[in-house]
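The values are calculated or read from the model by the stated rules, or taken from the named source; none is laboratory data. Here the structure is a predicted model, which means the values were calculated and not measured. Glycine also receives a Cβ, built like all others from the backbone with ideal geometry; neighbour counts cover every protein chain displayed.
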Amino acid sequence: MTRNARALLALSLLPVLLTGCGADKGSGTAGAAADSADLAAAAQDWGVEPELVHVTKVPGFTVFPASVGAYGDGQFAAAYRSDQGSRRIGLFADRETLTAENCAQQPLGADALKPVVCERDGDAWYRTAGGVHEYAVPRDGVVVRLIADRKKVDRRVLREAAEAVHRPSDSELAALRPAGEGSDT
């Protein structure tokens with residue numbers, strides 16, 4: 001699948017990823033990173049490399065466990081939805097690189113055909129295209145992207161999500177998995 005098609009699909013599928021039934025588990029509290037064996041097992045179940053598994057914590061948003069897993073060509077994906085349900089943030093992690101030279105050439109979400117504007121913001125890139133925006137956080141050979149609709153999630157909230165990106169703790173790893181999945185649930 002081409003990079004443009006993946007990016008277009010990323011945001012267009014976010015509402016689909018967020019539909020479903022059942023209750024969400026809470027996101028837990030950030031703490032020590034999850035046991036590497038547990039993380040490796042979860043990543044294998046999802047079909048992704050363990051290094052790609054990241055989470056975030058944003059007040060008023062909860063991860064939707066049914067959305068968590070492999071996406072596209074080996075990306076990790078997780079969707080967060082607001083407690084009111086109308087606002088969504090997609091988290092995607094991959095091994096792509098993002099530099100000043102290639103930032104504007106990499107498509108952005110459902111507006112993949114729109115021109116991308118890049119702005120360096122601390123250690124991250126803030127990117128916009130049409131009606132979507134993203135914070136891309138390079139970390140240890142992985143780029144974690146937090147993407148949302150510009151009309152529904154403001155830049156401050158998206159930046160908070162980017163600043164809170166981290167490897168999951170045991171409780172956060174458990175929250176990523178639907179009830180009944182894995183050996184301990």
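Restricted to segment 145-176, and to residues there that are touching a helix residue (DSSP H, G or I) at 6+ places or on another chain (Cβ under 9 Å) and assigned to a strand (DSSP E or B), the residue that is nearest to Ala40 (Cα to Cα) is His166.
Residue-wise test of (1) under 18 Å from Leu176 (Cβ atoms); (2) at pLDDT 95 or above.
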| position | (1), (2) |
| --- | --- |
| Ala66 | yes, no |
| Phe76 | yes, yes |
| Thr97 | no, no |
| Arg127 | no, yes |
| Ala136 | no, yes |
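Only residues that are in contact with a strand residue (DSSP E or B) (Cβ under 7 Å, 6 or more places away or on another chain) and of a type in the set (A, V, I, L, M, F, W, C): list them for segment 146-167, please. Spell out how you get there, then give the answer.
To start, the set of residues in segment 146-167 that are in contact with a strand residue (DSSP E or B) (Cβ under 7 Å, 6 or more places away or on another chain) comprises 146-150, 153, 155, 158-159, 161-162, 165-167.
If the condition is that a residue be in contact with a strand residue (DSSP E or B) (Cβ under 7 Å, 6 or more places away or on another chain) and of a type in the set (A, V, I, L, M, F, W, C), then Leu146, Ile147, Ala148, Val153, Leu158, Ala161, Ala162, Val165 are the ones that fit.
Taking Val157 as the residue in question, decide whether it is surrounded by fewer than 21 Cβ atoms within 10 Å (Cβ to Cβ), in contact (Cβ under 8 Å) with a residue 24 or more places away in the chain and over 19 Å from Glu49 (Cα atoms).
So Val157 fits the description; yes.
Checked against the criterion of being in contact with a helix residue (DSSP H, G or I) (Cβ under 6 Å, 6 or more places away or on another chain) and at pLDDT 90 or above, the candidates Val58, Val48 yield just one match: Val58. Residues of segment 66-90 that are under 18 Å from Asp140 (Cα atoms) and buried (at least 23 other Cβ atoms within 10 Å of the Cβ): Phe76, Ala77. Looking only at residues in segment 99-128 that are of a type in the set (A, V, I, L, M) and more than 16 Å from the chain's Cα centre (by Cα), the one that is surrounded by the most Cβ atoms within 10 Å (Cβ to Cβ) is Ala112. In segment 129-143, the qualifying residues are those that are in contact with a Lys or Arg (Cβ under 7 Å, 6 or more places away or on another chain) and not small (Gly, Ala, Ser), and the one that is surrounded by the most Cβ atoms within 10 Å (Cβ to Cβ) is Glu134.
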